[in-house]
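Reviewing the structure listed below.
The values are calculated or read from the model by the stated rules, or taken from the named source; none is laboratory data. These numbers come from a predicted model, not from an experiment. Because the Cβ atoms are built from the backbone with ideal geometry, glycine has one as well, and the counts that use them run over all protein chains shown.
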């Protein structure tokens with residue numbers, strides 16, 4: 001009778017404590033976004049880019065295009081293939097929030113959801129290797145770490161912010177004892193579909209912790225853990241399956257780089273060598289941001305070193321042999337990760353940045369602080385596991401809660417003071433929504449059509465002009481960047497123009513001329529555009545320095561149909577993802593069957 005009475009009570013007590021820890025996470029996340037509710041949105045470095053992407057994706061949905069490829073508002077209405085290259089999760093989530101909420105709330109809601117996801121996912125990971133109370137404290141520290149607040153407020157890099165919720169799961173499924181190939185592959189796919197630089201870091205991070213973990217497993221000989229080589233095989237299989245799941249995005253994003261000026265992403269000021277710790281380039285704004293990031297790096301590295309020291313003491317003093325070995329397999333890879341990140345922040349690591357695949361496209365070495373936040377917070381949790389026992393009395397619960405809430409309030413205050421950036425009149429949400437409908441925005445350099453200069457694209461262009469030569473009515477960016485368009489009567493050809501349809505990825509135009517001419521569209525030419533004139537497909541078109549689409553017209557009446565089509569690389573990516581999805585479903589069915597057999 002006593003056993004049957006106390007067992008439900010224990011379950012209820014555990015559930016209550018778990019609910020209390022999660023409530024504390026929610027409270028810390030809410031406090032972290034208070035400056036956004038109090039002072040308004042922060043117009044950080046990437047705010048314009050993300051807001052425009054959200055607005056544009058929502059416009060696609062209204063037109064019935066569920067998965068956009070073309071950003072029609074960029075380049076002052078001429079567009080760019082932004083959604084081919086920027087992963088979909090961020091702009092889809094922003095567009096969804098904008099569909100459900102007033103647009104002025106969307107940045108706040110997005111940031112709050114990202115912080116909550118970071119806390120919950122870190123808590124899930126930390127509970128694998130430390131008491132739940134220590135895991136809860138470490139999770140709060142993770143979502144309040146200074147680099148994450150810097151990303152959320154000063155950089156407003158929403159993709160990077162959201163990806164921080166996935167990095168702890170790489171540790172969880174990469175190092176845990178239980179079979180986890182399937183969930184690890186899903187995390188890798190989600191990371192690639194959220195933020196490409198974070199995905200590059202995540203793959204290197206996973207490889208490092210798995211290799212170090214396998215060595216530790218071999219050296220400690222933990223009897224309950226998987227064979228050391230199994231960690232490597234599992235991570236390799238998960239990496240391949242994860243990349244295949246995300247192939248519908250990765251394959252076009254990789255292949256179609258040849259169709260744009262992708263090298264502009266690492267122009268001077270955006271190169272790795274310009275942003276090592278406390279580097280000085282002479283560009284005032286760049287150096288100011290770098291100085292802030294450098295001091296954040298120093299603080300986080302110092303905290304990591306102190307936590308690593310104390311976590312070592314508590315691991316040795318309070319763990320049994322098996323617990324000690326298990327935590328060594330968790331702790332050592334994190335310490336090695338922190339050391340590697342320190343080295344990558346210093347100039348002598350430049351050869352690694354130049355030769356390791358895709359590393360140079362991270363642009364800023366201090367982006368690795370996103371990964372350092374995982375190592376730092378986890379080591380702090382391990383250090384704390386020996387410093388306090390699980391909170392069981394109201395007083396101990398209250399002290400811990402008040403301490404964490406005070407930490408959150410302090411972090412929020414300093415974030416509002418140092419990271420929050422005001423919006424100019426043209427940057428606020430209402431102004432940008434108006435700009436989307438009236439003229440569009442400046443283009444993104446790295447998404448400029450190959451061998452073109454988006455600075456030559458003029459503002460306030462008509463949707464269609466008829467001109468006498470392919471290169472007619474073209475601006476010169478060496479004189480002025482994106483000048484206002486003015487009608488050139490000498491190069492114009494009289495014509496009757498009728499726009500039957502002008503949607504983001506589908507257009508229909510009727511043109512009548514008395515002589516052969518050229519239709520010049522306010523649309524950047526791109527290989528994915530399929531064009532027919534009077535039912536005949538046009539495969540070759542003249543090239544212009546501004547990259548705009550120009551179509552040769554015969555005399556008389558012409559019906560032009562244009563639509564954005566799936567190119568072969570897109571079809572290949574979709575096929576790979578579909579095949580990978582079938583493999584995932586088979587693995588899931590086999591896993592469930594095995595679990596059911598074990599239960600029975």
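For residue 144, state whether it is assigned by TED's automatic domain parsing to the domain that holds residue 118, closer than 28 Å to residue 301 by Cβ and without any contact (Cβ under 8 Å) to a residue 40 or more places away in the chain. When the stated conditions are applied, residue 144 does not pass them.
Please verify whether residue 425 is in a loop (DSSP other than H, G, I, E, B), without any contact (Cβ under 8 Å) to a residue 40 or more places away in the chain and within 17 Å of residue 43 (Cα to Cα), treating the condition exactly as stated. The answer is yes for residue 425. Somewhere in segment 436-459, is a residue part of a helix (DSSP H, G or I) and within 29 Å of residue 35 (Cα to Cα)? Within segment 436-459 (the criterion being part of a helix (DSSP H, G or I) and within 29 Å of residue 35 (Cα to Cα)), the answer is yes, since at least one residue qualifies. Only one entry in 102, 131, 146 is out of contact with any helix residue (DSSP H, G or I) (no Cβ under 7 Å at 6 or more places or on another chain) and within 21 Å of residue 403 (Cα to Cα), namely 131. Would you mention how many residues in segment 92-108 are free of Cβ contacts under 8 Å to residues at least 12 places away in the same chain and farther than 18 Å from residue 62 by Cα? Number of matching residues: 1. Checked against the criterion of being outside the structural domain of residue 38 (by TED's automatic domain parsing) and modelled with pLDDT of 90 or more, the candidates 380, 429 yield just one match: 429.
Is it the case, given these coordinates, that residue 295 is assigned by TED's automatic domain parsing to the domain that holds residue 176 and more than 20 Å from the chain's Cα centre (by Cα)? When the stated conditions are applied, residue 295 passes them. Within segment 20-32, can one find any residue that is within 22 Å of the chain's Cα centre (by Cα), assigned to a helix (DSSP H, G or I) and surrounded by 22 or more Cβ atoms within 10 Å (Cβ to Cβ)? Yes - at least one qualifying residue is present in segment 20-32.
Of the residues making up segment 55-78, those that are buried (at least 24 other Cβ atoms within 10 Å of the Cβ) and more than 25 Å from residue 247 (Cβ to Cβ) are 55, 72, 73, 74, 75, 78. Do we find a residue being touching a residue at least 40 places away in the same chain (Cβ under 8 Å) and more than 36 Å from the chain's Cα centre (by Cα) anywhere in segment 520-537? No, segment 520-537 contains no residue that is touching a residue at least 40 places away in the same chain (Cβ under 8 Å) and more than 36 Å from the chain's Cα centre (by Cα). Part of a loop (DSSP other than H, G, I, E, B) and closer than 30 Å to residue 281 by Cα: is that true of residue 270 in this structure? Yes: the conditions hold for residue 270. Given the condition modelled with pLDDT of 75 or more, in the same structural domain as residue 275 (by TED's automatic domain parsing) and not in a helix (DSSP H, G or I), answer yes or no: does some residue in segment 304-314 qualify? The answer is no; no qualifying residue exists. Taking residue 243 as meeting all but one of (1) farther than 17 Å from residue 195 by Cβ; (2) without any contact (Cβ under 8 Å) to a residue 60 or more places away in the chain, write down the number of the exception. That leaves (1) as the condition not met.
Scanning segment 538-590 for residues that are touching a residue at least 40 places away in the same chain (Cβ under 8 Å) and assigned to a loop (DSSP other than H, G, I, E, B) yields a count of 8. Inspection of segment 108-116 finds no residue satisfying the criterion of being assigned by TED's automatic domain parsing to the domain that holds residue 403, modelled with pLDDT of 95 or more, surrounded by 21 or more Cβ atoms within 10 Å (Cβ to Cβ) and more than 16 Å from the chain's Cα centre (by Cα). Of all residues in segment 57-72, those satisfying the criterion of being within 21 Å of the chain's Cα centre (by Cα) and part of a loop (DSSP other than H, G, I, E, B) are 66, 67, 68, 69, 70.
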